[in-house]
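The values are calculated or read from the model by the stated rules, or taken from the named source; none is laboratory data. Owing to the predicted nature of the structure, the values given are computational and were not obtained by experimental measurement. Please note: Cβ atoms are built from the backbone with ideal geometry, for glycine as well, and neighbour counts cover all protein chains shown.
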Amino acid sequence: MKKIIALTAFIAAMLPLPAIARGLPQGPPPVPGEAVVRAATPKALAQAIASLSQQFAGVGVIDRINGRPIYLISYQLNGNQTVDQFENALRALTQQGTLSWEELNYTGQTGEGQTDSLWLSGLGLSAEQFNAQYASPLMGVDVAHKSSRGAGVVVSVIDTGIDAAHPLLSGAVSTQGASFVPGSTNFNDVGDGIDNDGDGFIDEQVGHGTFVAGLIHLVAPDAMILSARALDSEGRGNNFRIAQAIAWSIDRGAHVINMSLGESYHSQSIVNMVNEADSKGIVICGAAGNGNSNSVRQYPACEATALGVTALDWNDVRAPFSNWDIRMDIAAPGHTEILNGVPRLDHSIIGPIPGGQFAVWKGTSFANAFVSGTVALVRSQNPQWPNTNVPATQIRSRILAMIADSGASVDFQNPTFAGQLGQARVSASGVVKLSPVAPPMCDIDCDGVVGASDLASILGNWGPTPIWTRADLNADGFVDSVDLAILLSRW
């Protein structure tokens, strides 16, 4: 059975890698009739809407980022009006102080979607092969698990959704996710059976989010994963919906946010939310992109308050598709070798796809997932953060320094790209040596054992928990009998 998936939703198909490489687009197109504004007060927003309505039809508020004065607005152009004219009218409102900032609502994608990179399934791959893939011993994952497995950490995956029913991910994905894809409340990794972007492939990126979640789980198997679906089945999203997903992830209590996606437009919406996450000690990991270039920067990877991740092969040599830039922070495995249309499994990135299967793929998206998982290991070892010694605003830089100090230098293997692939190739086994052994799963009070005090924490926090608490062991928004059962199983 053939199923194609690309971009930030992966392409499930019986196709060889690399499948198609059309190159990066010159720039992302805006969503027709949509713009994003920040207005400090409701009065300022009303003034802006009234002013724009004097020149354009259909101006109104469509949506808002919860708890933030950031709004998605609509507009319509008549036959003589242009998008540039509307954008100029918006800009004038910012210049006069009515709006804090404004932008058109531009689209974004996964790196794999931008270059139509496809995944290859139908290989009869097993969970054992997934666990043994070359990236695991290269990063020292099994050794790292003696010190940390990511317990007590929540990782949000902003992607195409996650197939939580995959046996590999059983119990690792929260039942309470969210969809920010217009017209859909489904946060699973599913398609709609339509070629929405007209490129000849149907649901070409379905599976991307599941693949990414699987790699995070490989590195941090006791971390809880949230599905924040902001990309459709073609792997497409836009800055407002992606910013919404970041805000939701912040509000749900995520410690790490994986963003295996990007856009060349430097969106104010996303900048605002990435900066807010960083200020609260939440580490955002962004994929560098698959354009084999440093001429088109991808965001949020190039954002100063996020970790930018490039991709390497099994010898720590830059993957031929990976972007590079002086703004990149960390490198990780992300390349798969294809010989005569057949993947060499000992040189492949292997991950789960919907339907209980496994596939091979390549891309900076997957290097990014390995880094997110490693960050989760470090956060698990340091449940006291933020504190006086490491305030929230320094958590990202502290973790970056730890990964850089403990990782493998890649400049010698990549002299042409020295200083542009990140400070080091991530070493999970190396970085966990820099912190104490992490509290085990269900050790709610972090005293090193699972016992009566943890049971008291469960009972004391019983009920709904809008913001994640450590007593919410399955990160579903409730401390209840399910969490109690998990605790008793680990007693």
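Cβ-Cβ contacts under 8 Å between residues 6 or more apart (or on different chains), taken from a first residue in the range 388-407 that is touching a residue at least 12 places away in the same chain (Cβ under 8 Å) and surrounded by fewer than 16 Cβ atoms within 10 Å (Cβ to Cβ) to a second residue that is of a type in the set (S, T, Y) and not in a helix (DSSP H, G or I), are absent. Quick test for you: out of F180, F201, F130, pick the one residue that is touching a Lys or Arg at 6+ places or on another chain (Cβ under 9 Å), in contact (Cβ under 8 Å) with a residue 40 or more places away in the chain, in the same structural domain as S233 (by TED's automatic domain parsing) and among the aromatic types (F, W, Y). Only one candidate passes the filter, namely F180.
Residues in the range 271-281 that are buried (at least 23 other Cβ atoms within 10 Å of the Cβ) and either charged (D, E, K, R) or touching a residue at least 60 places away in the same chain (Cβ under 8 Å) (or both): M273 only. Of the conditions (1) touching a Gly at 6+ places or on another chain (Cβ under 8 Å); (2) over 26 Å from G150 (Cβ atoms); (3) aromatic (F, W, Y), F211 fails just one. Which one is it? So F211 meets the others, but not (2).
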